[in-house]
1. Take 252, 98 and order them by how many other Cβ atoms sit within 10 Å, fewest up front.
2. Note down the net charge around residue 190, summing +1 for each Lys or Arg and -1 for each Asp or Glu among other residues with Cβ under 14 Å from its Cβ.
3. Taking amide H positions as placed in the peptide plane 1.01 Å from N, state which residues far from residue 307 in sequence (5 or more) or on other chains have amide H under 5 Å from it.
4. Arranged from highest to lowest average of other beta-carbon atoms within 10 Å per residue, in what order do the peptides 258-267, 317-326, 56-65 appear?
5. Add +1 for every Lys or Arg and -1 for every Asp or Glu among the other residues with Cβ under 15 Å from the Cβ of residue 218, and state the total.
6. Report the charge-dipole magnitude of the chain in Debye, nearest 20, computed about the Cα centre from +1 at each Lys and Arg Cβ and -1 at each Asp and Glu Cβ.
7. Could you pull out every residue, at least 5 positions away or on a different chain, whose amide H is within less than 5 Å of the one on residue 92? Hs are placed 1.01 Å off N in the peptide plane, and Pro or chain starts have none.
8. By counting other Cβ atoms within 10 Å of each Cβ, how are 340, 155 ranked from fewest to most?
Amino acid sequence: MSGLIEGLPDAVALRCLALVPFCLHPKLELVSRSWQAAIRSPELFKARQEVGATEDLLCVCAYDPDNLWQLYDPLHDLWITLPVLPSKIRHLAHFGAVTAAGKLFVLGGGSDAVDPLTGDQDGSFATNEVWSYDPVTRQWSARAPMLVPRSMFACCVLDGKIVVAGGFTSCRKSISQAEMYDLEKDVWIPIPDLHRTHNSACSGVVIGGKVHVLHKGLSTAQVLDNAGLGWTVEDSSWPQGPMAVVKGALYVMSHGIILKQDGNARKVVVSASEFRRRIGFAMTGLGDEIYVIGGVLGPDQWNWDIQQMYDVDVLTVGSERPTWRQAARMTRCHGTIFGCTQLRI
């Protein structure tokens, strides 16, 4: 990385490069080998934090194409395609997806592929494999596998560590085991089991510095405190439906409306009746906005075709009057969304 910019010390030059938007990094690499090395160095990631040039992106994986992820850049309203996830499992689905320390993590899950000749599933219901993607080096890496194979489980980041809990090891066996991943040491550590299991998929959300594990159909949440010492069972008045966290507040889409949940109280934010026929989409928060991404448009009495969608609808909830707008459509991924999470780089 010597001699990045003539007349400037490399440390200063690196801070200058750190101010360039992430979407332009491939073009910067074409300048010289030293610039390519700088753009792909961990030092650049640290420099971006130091100069306040970090960006918040969305990571999205859908049913089609197989095992492909894209990044959405909201500032430039464009999509960036990542290298294909190198898992040997075809159509990996029902996995956990989170980001931590500037990297995307894909954990567990199983195959959603179907043999076209027999109609049977691909044979892998749950795995313990863990992958991370580094947007600086643009490479996928295998990480230490989870202690227990699982799919359809809760997965969150708490105080810089990844927490996974519950899920299924087979189509008939739900589990209560929970574990925590230390990124720096690349090790998984058992933590106390959930109090109960349920014969439905579970999801996780962090509210108020605590992990909440929710099972579809149950009115209770299992809550892990920020010390990770144990779970408590709490009554949950949260409505069922897709959820997003925006600036620490929980929003839920239920029965054609979006609600803001504040403790046990809830407030209607806006109508979302246009999404009643749209299934399999992702709903997530970014900045002061809610993103509704992809999914499938189901049949109705006039049209029996099933339409896989590229669409991205955005609701601004930071203003007094929430408004919908459309963002750039996904360029490669479409259909049912398998994974969606934020990435800060």
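Only the coordinates and a few stated rules stand behind these numbers; no lab work does. Note that the structure is predicted; figures quoted are calculated from it, not measured. Glycine also receives a Cβ, built like all others from the backbone with ideal geometry; neighbour counts cover every protein chain displayed.
1. 252, 98
2. Overall, the nearby charge balance is -1.
3. 297
4. Top to bottom by mean Cβ count within 10 Å: 56-65, 258-267, 317-326.
5. Every neighbour counted, the sum reads 0.
6. Charge dipole, the chain, about its Cα centre: 200 debye, nearest 20.
7. 67, 112
8. Least crowded to most crowded, the residues run 340, 155.
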